[in-house]
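Read the structure below first, then the notes.
The values are calculated or read from the model by the stated rules, or taken from the named source; none is laboratory data. Quick caveat: nothing in here was measured; it's all calculated off a predicted structure. Here the Cβ is made from the backbone with ideal geometry for all residues, glycine too, and neighbour counts use every protein chain on show. Areas reflect the complete protein model, heavy atoms only, side chains present, ligands, DNA and RNA absent. Shrake-Rupley method; radii C 1.70, N 1.55, O 1.52, S 1.80 Å.
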Amino acid sequence: MSFDWKWEFTWAILPRLLAATLNTLMAAGIGYAIALVVGLALALGQRSGSRALTLALREFIEFVRSTPLVLQIFFIFYVGPQFGITLSPWVSGMLAIGLHYSAYLSEVYRAGIEAVPRGQWEACRALNMSTRDTYRRIVIPQALPASIPGMGNYLVGIFKDTPMLSVIGVAELMQAANSIGSETYRFLEPYTMVGVIFLAISLPVAGLVHLLEARVRRKLGM
Amino acid sequence: MDMSAYPLELPENDRPMVRFMNVTKSYGSLTVLDRLNLDVRRGEMVSVIGPSGSGKTTVLRMLMTLETISDGVIYVDGKPLTHMERGGVLVPADERHLRRMRASIGMCFQHFNLFPHMTALRNCMEGPVQVLGLSEREARTRSEELLAMVGMIDKKDQHPSRLSGGQQQRVAIARALAMRPRIMLFDEVTSALDPEVIGEVTNVIRKLVAEHDLTMLMVTHQMGFARDISDRICFFYKGQIEEQGPPEAFFTSPQRERTQQFLRAVKDAD
Ligand SMILES: Nc1ncnc2c1ncn2[C@@H]1O[C@H](COP(=O)(O)OP(=O)(O)O)[C@@H](O)[C@H]1O
Ligand SMILES: [Mg+2]
């Protein structure tokens, strides 16, 4: 097989790929937002003091981390309806990827929170601060700088995992490349361009995360 | 445990600022405080001394409600701190009760525990704003006054990492005082300091003794300082008070064998 790259074809499919990239970014963004919030709830829930809740949350996190994402996507999309929960591909996909990454993010938060010295908690108690204010004003701000690299890794991770959503027909970048391939029988250009687009987004994001970490540390005077 | 032996409230004519009543604290099979009884009068300065591991820190931590109680009751200003009344009996305090009672107690720690992401001023303002609900302006005025009192006003905009140990401890004292406690606890506040800055901190505490009507409990290894400023010395040994008394009598003629041994040992170490 010969290597024949067609520029004309590449330019022709680029608009369609870029349009799908917007969907990919949206999927990653919404999924990440879900993961950030649910992940924090998972991390704080484990510290609530309730043994039963802690155990249940740990089981959930273990389950999510030791089964493939694609299975979780299928499960929500295909098995959900049997329990009366019918969701569109988009909603299923966002939910699956958001919950999946929430398990990983909760571990990032947990490590960050545990790295805050015990003396800080005791100082808060001695000042009679509420648990809420202790987290909000003292613990989370100190846990944040250490958590940013992990949070950044998973932002890039969630972005790279969005192609999995193509298995249930979410019209993201991978799905667009697949359709182009099956319509034109040309795979080289669409898949190469998918790679280039992913690279062009991932690399700067990783760099920005780095800058952000340095900035947050400076801002907190640490 | 049988709570009926403990009054729901101490009678008007017998209300020390703090009363430890048969207070026991154990970790598993290790008994750290053993049926401790201790009264601290309003405005009294009590120094707690004793060998390492004798339970000195634990006494302060229990009063600050950083530890739960295994047995007994602590009363603050006549009201139970570690317990609350439910249907005519004392039951272990819930968080709401603790928050109400804790308002009158402040504590300074050996390692300062300042908030590293906040300036000295913000460290002091944080409690008044978040807990007492003061406006930013009121809290700033109050905090600046206290920072001036501890000699730290010109460093108010520095973060703790830019301050020496002695400076951090002075900020920590100002931070605790900003909550207007009636009882102040000091746990070896000079032990982590370089010798040449210990005076900065002890001078602040001297000032508090002279100018405020605070009730104070201080754990210290500085015998000279304790003798100077205390109304009473309590010598702890194995979770109990082995001997106590006014400083002059305590240091010149200790009665108990263990007290004498301890005082000889610290004198030799100096
Ligand atoms: N969280 C804990 N778990 C187990 N043992 C503890 C704990 N805290 C303190 N202890 C033990 O309690 C004893 C008294 O400690 P502490 O009050 O700190 O003594 P001191 O301040 O007089 O040196 C020590 O033997 C210490 O090891
Ligand atoms: Mg100690």
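Quick one: how many residues across the stretch B:58-81 are open to solvent by 10 Å² or more (accessible area, probe 1.4 Å) and within 8 Å of ligand 1 (Cβ to nearest atom)?
Within the stretch B:58-81, residues that are open to solvent by 10 Å² or more (accessible area, probe 1.4 Å) and within 8 Å of ligand 1 (Cβ to nearest atom) number 3.
Within the stretch A:1-54, track down each residue that is in a helix (DSSP H, G or I), small (Gly, Ala, Ser) and farther than 25 Å from A:Met94 by Cβ.
A:Ala12, A:Ala52, listed by residue number.
Do you know which residues across the stretch B:113-124 are surrounded by fewer than 24 Cβ atoms within 10 Å (Cβ to Cβ), more than 8 Å from chain A (Cβ to nearest Cβ) and in contact (Cβ under 8 Å) with a residue 24 or more places away in the chain?
Selection gives B:Leu121 alone.
Only one of A:Ser102, A:Ser88 is free of Cβ contacts under 8 Å to residues at least 40 places away in the same chain and of a type in the set (Ser, Thr, Tyr). Can you tell me which?
A:Ser88
Determine the pairs where a residue that is within 12 Å of another protein chain (Cβ to nearest Cβ) and touching a residue at least 24 places away in the same chain (Cβ under 8 Å), located within the stretch B:158-171, has a partner that is in a helix (DSSP H, G or I) and β-branched (Val, Ile, Thr) with Cβ atoms under 8 Å apart, the partner being 6 or more residues away or on another chain.
B:Pro160/B:Val171; B:Leu163/B:Val171
Which ones in the stretch B:38-57 are near ligand 1 (Cβ under 9 Å from one of its atoms) and without any contact (Cβ under 8 Å) to a residue 40 or more places away in the chain?
B:Ser52, B:Gly53
I'd like to check something: does the stretch B:177-195 contain any residue that is modelled with pLDDT under 95, assigned to a helix (DSSP H, G or I) and away from chain A (no Cβ under 14 Å)?
Yes, the stretch B:177-195 has at least one match.
Residue check: is B:Val32 touching a Gly at 6+ places or on another chain (Cβ under 8 Å), within 14 Å of ligand 1 (Cβ to nearest atom) and without any contact (Cβ under 8 Å) to a residue 60 or more places away in the chain?
no
In the stretch B:125-137, how many are open to solvent by 10 Å² or more (accessible area, probe 1.4 Å) and either in a helix (DSSP H, G or I) or more than 10 Å from every other protein chain (Cβ to nearest Cβ) (or both)?
Here the count works out to 7.
Condition first: away from ligand 2 (no atom under 16 Å from the Cβ) and either within 18 Å of B:Gly28 (Cα to Cα) or of a type in the set (Phe, Trp, Tyr) (or both). Now tell me which residues in the stretch B:54-74 satisfy that.
Answer for the stretch B:54-74, where residues must be away from ligand 2 (no atom under 16 Å from the Cβ) and either within 18 Å of B:Gly28 (Cα to Cα) or of a type in the set (Phe, Trp, Tyr) (or both): B:Thr68, B:Ile69, B:Ser70, B:Asp71, B:Gly72.
Could you grab me the full set of residues in the stretch B:23-37 that are open to solvent by less than 60 Å² (accessible area, probe 1.4 Å), of a type outside the set (Gly, Ala, Ser) and either within 14 Å of another protein chain (Cβ to nearest Cβ) or away from ligand 2 (no atom under 16 Å from the Cβ) (or both)?
Answer for the stretch B:23-37, where residues must be open to solvent by less than 60 Å² (accessible area, probe 1.4 Å), of a type outside the set (Gly, Ala, Ser) and either within 14 Å of another protein chain (Cβ to nearest Cβ) or away from ligand 2 (no atom under 16 Å from the Cβ) (or both): B:Val23, B:Thr24, B:Asp34.
Which condition number in (1) under 22 Å from B:Ser164 (Cα atoms); (2) open to solvent by 40 Å² or more (accessible area, probe 1.4 Å); (3) within 16 Å of ligand 1 (Cβ to nearest atom) is the one that B:Arg206 fails?
Looking at each condition in turn, B:Arg206 falls short on (3).
Return only the number of the condition from (1) open to solvent by less than 10 Å² (accessible area, probe 1.4 Å); (2) outside any strand (DSSP E or B) that B:Val48 does not satisfy.
The one condition B:Val48 does not meet is (2).
Residue by residue through the stretch A:97-133, note down the ones that are within 14 Å of chain B (Cβ to nearest Cβ), among the β-branched types (Val, Ile, Thr) and in a helix (DSSP H, G or I).
Correct list: A:Thr131 only.
Does at least one position in the stretch B:79-102 carry a residue that is at the interface with chain A (Cβ under 9 Å from one of its Cβ atoms) and assigned to a loop (DSSP other than H, G, I, E, B)?
Looking through the stretch B:79-102, none of the residues is at the interface with chain A (Cβ under 9 Å from one of its Cβ atoms) and assigned to a loop (DSSP other than H, G, I, E, B).
Anything in the stretch B:91-104 that is open to solvent by less than 50 Å² (accessible area, probe 1.4 Å) and either closer than 17 Å to B:Lys25 by Cβ or within 16 Å of ligand 2 (Cβ to nearest atom) (or both)? List them, or say none.
Matches in the stretch B:91-104: B:Ala93, B:Leu98.
Being free of Cβ contacts under 8 Å to residues at least 24 places away in the same chain and of a type in the set (A, V, I, L, M, F, W, C) is the filter here, so list the residues in the stretch B:226-264 that pass it.
B:Ala249, B:Phe250
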